[in-house]
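What follows is a short report on a single structure.
Every number here is computed from the coordinates shown, using simple stated rules; none is lab data. Quick caveat, the model's predicted, so the values are computed rather than measured. Here the Cβ positions follow ideal geometry from the backbone for every residue, glycine too, while neighbour counts run over all protein chains shown.
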Amino acid sequence: MRNAALILYSLGLALSVTAWAADPFVGTWKFDPKQSKSSGNQPRSEIYRIAAKGSAGVALTKEYVSSNGVPHHITGTCKFDGRDYPVTGHPLPDATRALKRIDAHTWEMTLRSAGKPAQETREVVSNDGNTLTVTGTVTVSGQIHDFTMIYTRQ
């Protein structure tokens, strides 16, 4: 009986690792400014890294150079439960991120600053797994800007 329980536990662990390994979001993504568009400023360059973290979360890291040439390194870990999780290194004060998975290729994210929504996005990985499209709105100085950012898998 003990061996059967160990086999079932091992099988469950292997299946959960396989499911995360197959997550189309996991990987390194490079921003393509030529295919992207924004009614406001967009970064000069950006690398977006997504790593599986535990059984129900991801570690998100963005390294980018803003439109005015300032480099940033932003990181944080989230679960897909819609709760706010702290973001380290964000230029906005008291930044948090909430994440909800819609389906295997889609999630929605809300970035808050001091508890108020600052950015809302819908992120979609293409069926072939090579393109990440992030559409959304960002509020800057009280003005709302729309954007579509295209990333390619590295």
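Annotations
- For GLU63, the shell of other residues with beta-carbons less than 14 Å away shows a net charge of +3, using +1 for Lys and Arg and -1 for Asp and Glu.
- Acute angle (nearest 10 degrees) that the helix 2-21 long axis makes with the longest principal axis of the chain, alpha-carbon atoms: 20
- Working ranking of peptides 133-145, 93-105 by packing, defined as the average number of other Cβ atoms within 10 Å per residue, highest first, is 93-105, 133-145.
- Along the axis of the charge dipole computed for the stretch 76-130 (Cβ charges of +1 for Lys and Arg, -1 for Asp and Glu, origin at the Cα centre), the listed residues ALA95, ASN127, THR106 are led at the positive end by ALA95.
- Note on the chain: helix-only mean residue ellipticity at 222 nm, from DSSP H runs of 4+ residues weighted -39500 (n - 2.57) and normalised by residue number, equals -4500 deg cm²/dmol.
- Euclidean distance between Cα centres, the stretch 116-154 to the stretch 45-76, Å: 13
- Equivalent ellipsoid dimensions for the chain as semi-axes, Å, which come from the Cα gyration tensor, largest first: 32, 18, 13
- Lysine pair count for the stretch 11-154 with Cα-Cα distance under 24 Å and sequence separation of 8 or more or different chains is 15.
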